[in-house]
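> Sharing a structure, written as structure tokens. Questions coming.
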Amino acid sequence: MAVREVKLCLLGDSGVGKSSIVMRFVKDTFKEQLESTIGASFMAKRLVVNDNTFLFQIWDTAGQEKYRALAPMYYRGAEAAIVVYDVTREPSFDSVKDWVKELKRNGVSDMVIAIAGNKCDLEDLREVNTKDAQEYSDNIGAIFTETSALTAVNVSELFTSIAKKLPDV
Ligand code: GTP
Ligand code: MG
């Protein structure tokens, strides 16, 4: 059966865990001290959902401010985006809203957007309410989930939900 290729990019503040989510999904590993991404990094991963094979082509962008101007190179033409924030850092959730505005303006019109509140293992340090983030995501028609790259909770499910929401080709 044909393989459905999906170009996807991850966006969000530096340190929220974009690369960690990708590492968990692609290699099923986690690093306590991961290097901050320079520019962007690419990985591919196959995923089978309901008998359909998807080949995710994942662009993991760098969150540091100095790389912000590079982001359009990665989200342009992407069919799906995961916008990540850190549930223990409220400002990283404000940045999600800026990214979503930018994607709605410059991304493909039927882009599948997923919002991921990462580091949900750090419940004691939580600053972003689940309900608020869920409501915001519902309002903009995005997938919403809380993930932990550390414990692996909801990481593969995140990609599965995206696959299910992609238009047929
Ligand atoms: P940039 O590449 O700078 O944009 O950052 P990033 O979003 O790729 O973040 P990265 O994956 O490098 O993670 C930053 C730090 O957070 C790392 O030291 C990770 O170990 C840690 N981290 C990532 N995900 C989790 C998580 O789910 N839980 C916890 N407790 N720590 C996490
Ligand atoms: Mg990174």
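> Limited to the range 91-134, what total is found for residues that are in contact (Cβ under 8 Å) with a residue 24 or more places away in the chain and assigned to a loop (DSSP other than H, G, I, E, B)?
11
> State whether the residues of the range 33-51 include one that is acidic (D, E), in contact with a Phe, Trp or Tyr (Cβ under 9 Å, 6 or more places away or on another chain) and near ligand 1 (Cβ under 8 Å from one of its atoms). Full working, then the answer.
Filtering the range 33-51 down to residues acidic (D, E) leaves 35, 51.
Then drop every residue that is not in contact with a Phe, Trp or Tyr (Cβ under 9 Å, 6 or more places away or on another chain), which leaves none.
Checking the range 33-51: not a single residue is acidic (D, E), in contact with a Phe, Trp or Tyr (Cβ under 9 Å, 6 or more places away or on another chain) and near ligand 1 (Cβ under 8 Å from one of its atoms).
> Which one of these does T88 not meet: (1) more than 14 Å from the chain's Cα centre (by Cα); (2) assigned to a loop (DSSP other than H, G, I, E, B); (3) away from ligand 1 (no atom under 12 Å from the Cβ); (4) surrounded by 14 or more Cβ atoms within 10 Å (Cβ to Cβ)?
Condition (3) is where T88 drops out.
> Within the set of pairs 6 or more residues apart or between chains, which connect a residue that is buried (at least 21 other Cβ atoms within 10 Å of the Cβ) inside the range 135-160 to a residue that is of a type in the set (K, R) and assigned to a helix (DSSP H, G or I) with Cβ atoms less than 6 Å apart?
Pairs found: A149/R24; V155/R24.
> Right, another one. Scan the range 60-85 residue by residue and report those that are touching a residue at least 40 places away in the same chain (Cβ under 8 Å) and within 11 Å of ligand 2 (Cβ to nearest atom).
Correct list: D60, T61, A62, G63, Q64, V84.
> Looking only at the range 136-169, which residues are within 17 Å of W99 (Cα to Cα) and of a type in the set (D, E)?
Correct list: D138 only.
> Testing F54 on (1) crowded, with 16+ Cβ neighbours inside 10 Å; (2) within 15 Å of ligand 2 (Cβ to nearest atom), one condition comes back false. Which one is that?
So F54 meets the others, but not (2).
> How about the range 109-127: which of its residues are among the aliphatic types (A, V, I, L, M) and touching a Ser or Thr at 6+ places or on another chain (Cβ under 8 Å)? Break it down stepwise before answering.
Restricting attention to the range 109-127, the residues satisfying the condition of being among the aliphatic types (A, V, I, L, M) are 111-116, 122, 125.
Within the range 109-127, A114, I115, A116, L122, L125 meet the criteria.
> I need every pair where a residue in the range 22-35 that is near ligand 2 (Cβ under 9 Å from one of its atoms) has its Cβ under 7 Å from the Cβ of a residue that is not in a loop (DSSP other than H, G, I, E, B), sequence separation at least 6 or different chains.
Note: pairs meeting the criteria are V22/L10; V22/M43; V22/I58; V22/D60; L34/S19; L34/S20.
> Also: Can you tell me how many residues in the range 5-34 are more than 17 Å from L158 (Cβ to Cβ) and in contact with a strand residue (DSSP E or B) (Cβ under 8 Å, 6 or more places away or on another chain)?
Total satisfying the criteria: 3.
Laboratory data are not the source of any read-out in this text; all were calculated from the coordinates shown. Here the structure is a predicted model, which means the values were calculated and not measured. Neighbour counts are summed over all protein chains in view; Cβ atoms, including those assigned to glycine, are modelled from backbone coordinates with ideal geometry.
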